[in-house]
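First up is the structure itself, then whatever we jot down about it.
The values are calculated or read from the model by the stated rules, or taken from the named source; none is laboratory data. The model shown is predicted, which means the values in this text are computed figures rather than measured ones. Note that we place each Cβ from the backbone using ideal geometry, even for glycine, and neighbour counts take in every protein chain shown. Side chains are part of the model used for accessible areas, which takes the heavy atoms of the whole protein and leaves out ligands, DNA and RNA. Shrake-Rupley method; radii C 1.70, N 1.55, O 1.52, S 1.80 Å.
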Amino acid sequence: NTANGGKDSDVDNEYTLHPKGLQPVPLQANTNTAMKSDCEVGIYKRKSSNEETIIATQNRSSSGILSALLALANPSSSAINHRIHNQLLLSSIYFTIGFLLTNVGFRTGSAAFVETVKAAEPITSAATAVFWGIERLGPKEVASLGGIIIGVALSTLGHGGSSSTPSSGNELIPSSSSPQSLLTSSCIVLLANLCFSFRGLHQKLFRQTPQGNTMVIDDMNLQFRMQQIGFLLLSIPAVLGNIHLPSRLIYEGLAFRYLLRYFLLCVVNGVAFASYNLSSTMILSRISIVHHAALNCIRRVFAIVVTSIVFGLKITFLQIVGIICSVCAFFSYIHFKSKKSLQQSRRREMMKKWDSIMLDAKRSKWAASGKTSSSLPMGNVDE
């Protein structure tokens, strides 16, 4: 209101962007154009479309996540502007199911086996991005991604073989595992990879919409809404699946120290989970889906190195080979991707210069024929 001299206070309050703190739920709403300068100060109003504008969304601060989800069940056309944005909803669903399937995979298979299969995430991410036309990969970039996957797999295999206790869960394929259980674990983890790839795809598509503009919703609020939707999706199944737990605690009389240890581990895991996913959301907003998946693989190598140092595990020769292979392949991918981006940038500059030259030639031709340059078509220089 101060920026607008106290005028139109009702409109300003309706279109507050909330640059800090909790921001409104992104809705599948009709969009309005807004001045960029007004967005930067946190206030925006309806503006004429011929001004220098960006697109912003009509979000009311009173819209809650639950009401926005329940509006999906309302078939009336008037409820469209109160429904949660489709891309945000899909991204949240894939995000939640991906972690659920990952936990199921760790339960059905060994940690080393699950991490080895999860190393194939760049394949699903690359296939998803290319199929939807978001990204194009050259042969050298594909080869680099393959090197990353091989390096992470070797690091995980070496990590599994470095444990001296067979019951620790670090074996790649435990002796008690049957081919059917290994196939089941592989399918579950591959589905988790696919879910994470679609999560990245829909987050990218959401960021390209007016409602997903960073001036409307920042990365922290985006991750918060995704976690909210995930909580609402899993809260009822979690309660129904553990409805017998209170009675078990009462009748079996579990020691207080075990419960305290459990809750402390939950707190540590929750902080680590939230921190990791917030960082992942921020990075994904700034780089491509495939680049994000490649970084995720390198993160696994980093985790293997840190756990080996913290828990005193011996770093095997196979691990060293895998780490060197994955790191070299990652920098190779970055090099080829940067080189490709530079070539595309130069190509665009050359096209602009060529268009300018052709336009000047057209103007000269029209001027020589006695026509004014104002009558020259400005759309296509070939006309």
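Which residue, of 131, 113, 99, is open to solvent by 20 Å² or more (accessible area, probe 1.4 Å), without any contact (Cβ under 8 Å) to a residue 24 or more places away in the chain, out of contact with any His (no Cβ under 8 Å at 6 or more places or on another chain) and of a type outside the set (Val, Ile, Thr)?
Just one listed residue meets the conditions, 131.
Can you name the condition, by its number, that residue 81 falls short on among (1) out of contact with any helix residue (DSSP H, G or I) (no Cβ under 7 Å at 6 or more places or on another chain); (2) open to solvent by 70 Å² or more (accessible area, probe 1.4 Å)?
Of the numbered conditions (1) out of contact with any helix residue (DSSP H, G or I) (no Cβ under 7 Å at 6 or more places or on another chain); (2) open to solvent by 70 Å² or more (accessible area, probe 1.4 Å), the odd one out for residue 81 is (2).
For segment 321-364, give me the residue count where each residue is open to solvent by 60 Å² or more (accessible area, probe 1.4 Å), aliphatic (A, V, I, L, M) and in contact (Cβ under 8 Å) with a residue 60 or more places away in the chain.
Total satisfying the criteria: 1.
Looking only at residues that are farther than 23 Å from residue 279 by Cα and either of a type in the set (Gly, Ala, Ser) or touching a His at 6+ places or on another chain (Cβ under 6 Å) (or both) in segment 293-318, which one is least open to solvent (accessible area, probe 1.4 Å)?
Once the filter is applied, the top-ranked residue is 308.
Residue 155 versus (1) under 16 Å from residue 319 (Cβ atoms); (2) at pLDDT 80 or above: which is the lone unmet condition?
Of everything listed in (1) under 16 Å from residue 319 (Cβ atoms); (2) at pLDDT 80 or above, residue 155 misses just condition (2).
For the list (1) in contact with a strand residue (DSSP E or B) (Cβ under 6 Å, 6 or more places away or on another chain); (2) within 23 Å of residue 99 (Cα to Cα), I need the number of the one condition that residue 210 fails.
Failed condition: (2).
Step by step: first the residues of segment 201-224, then only those that are assigned to a helix (DSSP H, G or I) and closer than 15 Å to residue 279 by Cα, then the one that is most open to solvent (accessible area, probe 1.4 Å). Which residue is that?
Across segment 201-224, the extreme among qualifying residues is 220.
Mind telling me which of the residues 357, 323 ends up being over 30 Å from residue 120 (Cβ atoms), of a type outside the set (D, E, K, R) and modelled with pLDDT of 80 or more?
One residue alone meets the criteria, 357.
So the check is Cβ under 9 Å with 6+ separation or different chains; which pairs have a first residue in segment 303-317 that's assigned to a helix (DSSP H, G or I) and a second one that's surrounded by 14 or more Cβ atoms within 10 Å (Cβ to Cβ) and of a type in the set (Gly, Ala, Ser)?
Pairs that qualify, where the first residue is assigned to a helix (DSSP H, G or I) and the partner is surrounded by 14 or more Cβ atoms within 10 Å (Cβ to Cβ) and of a type in the set (Gly, Ala, Ser), are 304/155; 304/158; 304/322; 305/155; 308/162; 317/158.
Test each condition in (1) of a type in the set (A, V, I, L, M); (2) within 23 Å of the chain's Cα centre (by Cα); (3) surrounded by 14 or more Cβ atoms within 10 Å (Cβ to Cβ) for residue 272 and report the one that comes out false.
(3)
Of all residues in segment 188-199, count the ones that are open to solvent by less than 20 Å² (accessible area, probe 1.4 Å) and in contact with a Ser or Thr (Cβ under 6 Å, 6 or more places away or on another chain).
Total meeting the criteria: 4.
Take residue 90 and tell me if it is over 29 Å from residue 338 (Cα atoms) and open to solvent by 30 Å² or more (accessible area, probe 1.4 Å).
yes
Can you tell me which residues in segment 274-291 are closer than 29 Å to residue 337 by Cβ and in contact (Cβ under 8 Å) with a residue 12 or more places away in the chain?
Scanning segment 274-291 gives 277, 278, 280, 281, 282, 283, 284, 285, 288, 289, 290, 291.
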